[in-house]
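Chemist: Sharing a structure with you now.
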């Protein structure tokens, strides 16, 4: 797909009309990420084979590699290369995949399908699914520690970034609040609290880690933080919208699940049109955040455009 | 309790008769570890309160703090202080507690009691128990990253040590093999494989991390590795023995569980007397490993004596 980025004065004073082939870019980056994940993870035959098969089953189940793409796009925006950002891209994908495996468990969202395939516990059983999630979470920190050190950002900074974004005050807090909110009437601020933690926290960490791998300036790190936060919220609002407007086949996961589970969603709380307006506003804020990159953040901009306009 | 360490020529050429009050030592260290864990963890009231209550419920459920004690004793043996070893002691206790919470789940060992109290999922439900384990695992890496850096050992070394000992080739591999071995006739080598991973891996990492926090020499690290490996195996053999010889009340967990679950144990495979001989031999090897410390490893020796002679 080709995304044409128009001159939009509110976010990019120096922008010219740019054509950036996001499709090729994403495909190439995903290939590099997949190869790196394959190198970092124990082989499927490594003893005990069950756990490594289970880890790889979900890790290579056709995920969009959105978080790794954000890591690599942020590195690029800060003038960095792919190689030093790659371990961090793999680490966030391991975190994301672990969280999906555990979220899908019967004790949580109880989902049978994910990305059009049976969920991890449907294939390997609940015990192994819990352990495969644990193993991917642990693997994320091992991979992050194997990254190179940077002049401005140490391994300590990197590990803290990942641990805090995934911990009990962020990613896990979101899942807990989501679990506790089921069947209850939530307010918009409560729903936003969940989205900030379930989605924005790790997206924000992804772009920050990409920046760190490029030894970015504090101003760039601040811009990436704002960008990640807003893109994360927008992404989640769109997820809510797609759940009510798309079919199971197109989504690759059970559509209408949020309604069945009586989950609070933006369309349910504020209606479909207002939800779309909120998503558009959040994306506009994301673009504003990219101003300091003065038009060098092609991949990040294109990714944000794509995430707002996606249909599955 | 007072453990008297006798002159035992096979492991300590220069040893004199030493009296070391292990009871006071363990009590003082446990107090310091508990205070540090309380500082490192979000308050029980931190939002969402459920997850922080669940994390703290299992973390402060009266565990023996054996792994933190090993971290601190190893640091002492290498001439190090308590303060720099404390974050690592807390990190391994978080890992240990997470593994217990997940092991106790219905999909795994399905245990209702742990340390004389209802298990995490019995109190908070399965979903929260999975997430509390996830959160403690994540917290372990955050705490480890918050430790000071050492001249010989970087944050990278520390994180790799913890991640590898807890990962899919060690701690989690042991749990998988244990799960898959239930109801099957295992051989002694297969049982040893499980014990090496389920117990030795983290005990070994504990003493190594203690040594690292004291900036130990490579020779000291090697000695600690041998010590931790053998103490870990001995500990697990004794656990098997206690399961068949002690009451539920004394153990603080359901006794005879291994028999009910048809789990392979040393007493079941080689008999009670031979199991005791194996445990004694492994402990003797642990003491031999401490030779390079020339009688300075009082706490480590006393801990090993205690672990071999414990009754619960």
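Chemist: I need a count of the residues in segment B:101-110 that are more than 8 Å from chain A (Cβ to nearest Cβ) and crowded, with 20+ Cβ neighbours inside 10 Å.
Modeler: 4
Chemist: Condition test on residue A:45, is it more than 15 Å from the chain's Cα centre (by Cα), over 24 Å from residue A:102 (Cβ atoms) and within 14 Å of chain B (Cβ to nearest Cβ)?
Modeler: Numbers: more than 15 Å from the chain's Cα centre (by Cα): yes; over 24 Å from residue A:102 (Cβ atoms): yes; within 14 Å of chain B (Cβ to nearest Cβ): yes.
The answer is yes for residue A:45.
Chemist: Looking at (1) farther than 25 Å from residue B:141 by Cα; (2) without any contact (Cβ under 8 Å) to a residue 60 or more places away in the chain; (3) in contact with a helix residue (DSSP H, G or I) (Cβ under 9 Å, 6 or more places away or on another chain), which is the one condition that is false for residue B:186?
Modeler: (2)
Chemist: In this structure, is residue B:116 more than 7 Å from chain A (Cβ to nearest Cβ), in contact (Cβ under 8 Å) with a residue 60 or more places away in the chain, surrounded by fewer than 24 Cβ atoms within 10 Å (Cβ to Cβ) and under 24 Å from residue A:101 (Cβ atoms)? Steps first, answer last, please.
Modeler: Values: more than 7 Å from chain A (Cβ to nearest Cβ): yes; in contact (Cβ under 8 Å) with a residue 60 or more places away in the chain: yes; surrounded by fewer than 24 Cβ atoms within 10 Å (Cβ to Cβ): yes; under 24 Å from residue A:101 (Cβ atoms): no.
Against the criterion (more than 7 Å from chain A (Cβ to nearest Cβ), in contact (Cβ under 8 Å) with a residue 60 or more places away in the chain, surrounded by fewer than 24 Cβ atoms within 10 Å (Cβ to Cβ) and under 24 Å from residue A:101 (Cβ atoms)), residue B:116 does not qualify.
Chemist: Given the structure, is residue A:222 part of a helix (DSSP H, G or I), surrounded by fewer than 24 Cβ atoms within 10 Å (Cβ to Cβ), within 19 Å of the chain's Cα centre (by Cα) and more than 8 Å from chain B (Cβ to nearest Cβ)? Before the answer, list the steps.
Modeler: Working: part of a helix (DSSP H, G or I): yes; surrounded by fewer than 24 Cβ atoms within 10 Å (Cβ to Cβ): yes; within 19 Å of the chain's Cα centre (by Cα): yes; more than 8 Å from chain B (Cβ to nearest Cβ): yes.
The answer is yes for residue A:222.
Chemist: Could you run through segment A:68-80 and say how many residues are part of a helix (DSSP H, G or I) and surrounded by fewer than 24 Cβ atoms within 10 Å (Cβ to Cβ)? If you could, list the steps in order and put the result at the bottom.
Modeler: Quick first cut of segment A:68-80, residues part of a helix (DSSP H, G or I) only: A:68-77.
Those left that are additionally surrounded by fewer than 24 Cβ atoms within 10 Å (Cβ to Cβ): A:76.
Looking only at that region, the number is 1.
Chemist: Follow-up question, since we're still on this one. Could you grab me the full set of residues in segment A:296-312 that are surrounded by fewer than 17 Cβ atoms within 10 Å (Cβ to Cβ) and over 23 Å from residue A:246 (Cα atoms)?
Modeler: A:296
Chemist: Exactly one of (1) assigned to a helix (DSSP H, G or I); (2) within 13 Å of another protein chain (Cβ to nearest Cβ); (3) buried (at least 21 other Cβ atoms within 10 Å of the Cβ) is unmet by residue A:53. Its number?
Modeler: Residue A:53 satisfies every listed condition except (3).
Chemist: Which one of these is more than 14 Å from every other protein chain (Cβ to nearest Cβ) and either surrounded by 15 or more Cβ atoms within 10 Å (Cβ to Cβ) or at pLDDT below 95 (or both): B:83, B:61, B:91? Quick ask: steps written out before the conclusion?
Modeler: Details: B:83 fails: either surrounded by 15 or more Cβ atoms within 10 Å (Cβ to Cβ) or at pLDDT below 95 (or both); B:91 fails: more than 14 Å from every other protein chain (Cβ to nearest Cβ).
None of the others qualify; the one that does is B:61.
Chemist: If we keep just the residues of segment B:130-173 that are more than 28 Å from residue A:47 (Cα to Cα) and more than 8 Å from chain A (Cβ to nearest Cβ), which is surrounded by the fewest Cβ atoms within 10 Å (Cβ to Cβ)?
Modeler: The extreme case among them is B:151.
The values are calculated or read from the model by the stated rules, or taken from the named source; none is laboratory data. Computed from a predicted structure; not experimentally measured. Backbone-built Cβ (ideal geometry, glycine too); neighbour counts: all protein chains shown.
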